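Step one of this worksheet: look at the structure below.
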Amino acid sequence: MCSAFDVIIVGGGAAGIGAARRLAAQGSSALLLEASARLGGRAWTQDIGGYPLDLGCEWLHSGDRNAWVGIAEASGFPVDRGEPPWAKAHPGIEHDEHAQEAAQRAYGDWEDRLRIVAAGSDRASDALQPGGPWNAYVRAIAGFMSGMAPEQISATDYLAYDDASTGRNWHLPSGHGTLVAASLPSTTTLRLATPADRIDLTTDGVAVTTRAGTIRAGAAILTISTAVLAGDAIRLPAGTEPWREAAAALPLGRNEKIFLEIGHNVAFEPDSHAYGNLHDPRSAAYSIRPNGWPVIEAFLGGDGARIVAEGGPAAGFAHVSAELAALFGSDVASAIRPLAATSWSRMASIGGAYSCALPGRSNARARLARPFEDRLFFAGEATHPFDFTTAHGAHDSGIRAADEALAALGDRRGEAA
């Protein structure tokens, strides 16, 4: 493999595909290298049991300004603009409305105190009420949002996302991962199962070494996860240590999903929601019969996702089955069966869910997004200033990196003329 391209994109997730779309629109040649055997990265839809299940990102967050909405509609993918299931509590559960309101109020109070903490320690745990009766609930929700415990969350970073969100959460019935993987331009050369081992600068661009050989191009756009970038899987040019340090300040949190199939003899309200235990930081959030399917999707974050990451799928199934039995009665155990479980933390080519800035390190996002020597450009959700953790943030960062690469290539060609 020795062909020359304008740009080599390393990583075939939402950011890499966003970059490829921009380069194709500008008539530039691009090669996309993806380490795994599929496109999409942390956007992954699998047909399991006849249902297109999103193992990774699922929602079109801030849908009214989300680039994937326009891409979906232009490609014929239906977009569901209805209320998300967490807006509809399952009616078959005995609710302690007073406790739920108190827990939600405690979470809101914690978010309000984050603004004070952001000006000081920047450690989100410092906004917890000492000995607060709902701290476990706050920890669980923070885990859903960031995949981390509050002790590891930058208050400034957390608020940046929260302040920018429009609160519109739309859905793709055919799967978010399906859309992302289908959106690579046909003019982009694709090499799956081809990890980059080394990137070197050359006099006129870059050389990317893979097991299949070395490819040269005018520039490279690196869209790998911060877990991979902070490690040593890819040898980068001398001088890129600050970029690796920035990636280490933006570690990937833990978020996992457990899917269960519902027996035909059990009635559950479709497109409804349930929450496990208000007093357990490991609790899951349950999407019940999404799209009317006989499926329950359990979403685990932080401490809850740690159960799956450390104990494997069996431990995850046991945990959510016990929570569901507590919610719906012991008979539910015989009416559900394991369908699928994710293991993002154990996936070597990714290494976790989405990025979370450590306390005092929210500026690492901007530092990671800087070009290196006008040859190497960085994209991915972790480089977005406020839409991090999302597929649209990743996409938009790919657009930004592609524009930077195109500008650098144009300047270089102008100098050579």
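What follows is calculated from the coordinates using simple rules that are stated; it is not laboratory data. Just so you know, these numbers come straight off a predicted model, no measurement behind them. Positions of Cβ are backbone-derived with ideal geometry, glycine not excepted, and every protein chain shown enters the neighbour counts.
Listing for the model above:
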| quantity | calculated |
| --- | --- |
| Sparsely packed trypsin sites (Lys or Arg not before Pro) within segment 134-211, loop by DSSP, other Cβ within 10 Å at most 11 | R211 |
| Summed residue charge, Cβ within 13 Å of P150's Cβ, Lys/Arg positive, Asp/Glu negative | -3 |
| Under-5 Å amide H pairs with I336, H placed in peptide plane, nonlocal only | G263 |
| In segment 1-90, trypsin sites (Lys or Arg not before Pro) in a DSSP loop with at most 16 other beta-carbon atoms within 10 Å | R38, R81, K88 |
| Placed amide H near I48: partners under 5 Å, 5+ positions off or other chain | L53 |
| Within a Gaussian network of the chain (alpha carbon springs, distance under 10 Å), most fluctuating of I71, I350, I199 | I71 |
| Nonlocal amide H pairs with I153, under 5 Å, H built at 1.01 Å | A124, S125 |
| Magnitude of the charge dipole, the chain, Cβ model with Lys/Arg +1 and Asp/Glu -1, debye to 20 | 1120 debye |
| DSSP-defined antiparallel bridges as percent of all bridges, the chain, nearest 5 | 70 percent |
| Residue-wise HN-Hα coupling along segment 228-244, computed from phi with Karplus coefficients 6.51, -1.76, 1.60 (Hz; x: Gly, Pro) | 6, 5, 6, x, 10, 5, 10, 7, 9, x, 4, x, 8, 4, x, 6, 5 |
| Exposure proxy ranking, count of Cβ atoms within 10 Å, fewest first, for V117, V79 | V79, V117 |
| Rounded to whole Hz, the Karplus (6.51, -1.76, 1.60) HN-Hα couplings of segment 67-75, x for glycine and proline | 4, 5, 5, x, 5, 4, 5, 5, 9 |
| Chymotrypsin sites (Phe, Trp or Tyr not before Pro) within segment 25-118: DSSP coil, no more than 11 neighbouring Cβ in 10 Å | none |
| Extension gain (nm, one decimal) between A74 and R198, 0.36 nm per residue minus Cα-Cα | 41.0 nm |
| Derived scalar couplings ³J(HN,Hα) [segment 16-32; Karplus, 6.51 cos²θ - 1.76 cosθ + 1.60; whole Hz; x for Gly, Pro] | x, 6, x, 5, 4, 5, 5, 5, 5, 5, 8, x, 8, 7, 9, 10, 10 |
| Linear extension gain, D162 paired with R346, 0.36 nm per residue minus alpha-carbon span | 63.4 nm |
| Full-stretch length increase - N291, R115 - with 0.36 nm per residue and alpha-carbon distance subtracted | 59.6 nm |
| 222 nm mean residue ellipticity, helices alone, for the chain (DSSP H n ≥ 4; -39,500 (n - 2.57); rounded to 500) | -11000 deg cm²/dmol |
